[in-house]
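Working notes for the structure below.
The values are calculated or read from the model by the stated rules, or taken from the named source; none is laboratory data. Keep in mind the model is a prediction, meaning the values are calculated, not measured. Ideal geometry is used to build each Cβ from the backbone, glycine not excepted, and the neighbour counts take in all protein chains shown. Protein only, heavy atoms only, side chains kept; ligands, DNA and RNA dropped before computing areas. Shrake-Rupley method; radii C 1.70, N 1.55, O 1.52, S 1.80 Å.
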Amino acid sequence: AEEVDHGRRVVAAYDKALAAAPDHVEGLLNRALLLQTTGNLDAALADYEKAVSLAPANARAFNGRGSVLHALKRAKEALADFDKALALAGTLADALANRGHLRWSLNADYAGATADLKAALALNPDQTYARGELLHLQMFAAAWDDFENQKALVDQGVRAGKQVVRPFAYQAVSASPADLKACSRIFADHLFQGAAYTSEERT
């Protein structure tokens, strides 16, 4: 409840600031991200849409809009936005990880997905869920080189409370009930953070 209240206060502060400067792109992007993380996808999408229209060369705007479109099950549109973000800024780790996920899940493009995930991890070794996704893809393709080292890194991430692997993929590599439970808790906390704060609560 305290986290939800904090989220409301921060959104209200952005609302006030953007009422005075409605075309402030960074303010729109920051509010959009907050709305997205609290589950208010329609409002987040509206902010990202406006940011894209105001700043068509802003990679963060395209990546953010793509992530919301993905959450809304509009995967082809999301992939196009990630492509655009990376055309604008090829070293954006979030966009690389996002595109990697869709290259595999949407197009079964193993090589493209693997390249994107490796590039994302090279830029940010703690990129959310990228290491677990890469390990999952390598297992799917029976690419066992460096498996033990990669599994150890995933285990370490879970034990450190990091968003390193999704529970379904982790079940295929972990035999530790404690680690599997920790992974599920980390994933649920991330997935449902602020879920009690809905669009109806915005004023």
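ALA120: within 19 Å of PHE62 (Cα to Cα) and of a type in the set (Gly, Ala, Ser), yes or no? Yes.
Results for (1) among the aromatic types (Phe, Trp, Tyr); (2) under 25 Å from LYS73 (Cβ atoms); (3) in a loop (DSSP other than H, G, I, E, B); (4) open to solvent by 60 Å² or more (accessible area, probe 1.4 Å), shown as yes or no for each residue.
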{"site": "GLY90", "(1), (2), (3), (4)": "no, no, yes, no"}
{"site": "ARG99", "(1), (2), (3), (4)": "no, yes, no, no"}
{"site": "ASP116", "(1), (2), (3), (4)": "no, yes, no, no"}
{"site": "LEU121", "(1), (2), (3), (4)": "no, no, no, no"}
{"site": "ALA152", "(1), (2), (3), (4)": "no, no, no, no"}
{"site": "VAL158", "(1), (2), (3), (4)": "no, no, no, no"}
{"site": "TYR170", "(1), (2), (3), (4)": "yes, yes, no, no"}
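Residue check: SER105 meets all listed conditions (1) modelled with pLDDT of 95 or more; (2) farther than 21 Å from ALA122 by Cβ; (3) open to solvent by 20 Å² or more (accessible area, probe 1.4 Å); (4) not in a loop (DSSP other than H, G, I, E, B) but one, namely (1).
Listed by first and then second residue, the pairs linking a residue in the range 172-185 that is over 15 Å from GLY161 (Cα atoms) to a residue that is among the basic types (Lys, Arg), with Cβ atoms under 6 Å apart and 6 or more places separating them unless they lie on different chains, are VAL173/LYS151. For the range 126-150, the set of residues classified as open to solvent by 80 Å² or more (accessible area, probe 1.4 Å) and either modelled with pLDDT of 95 or more or within 24 Å of the chain's Cα centre (by Cα) (or both) consists of ASP126, PHE140, listed by residue number.
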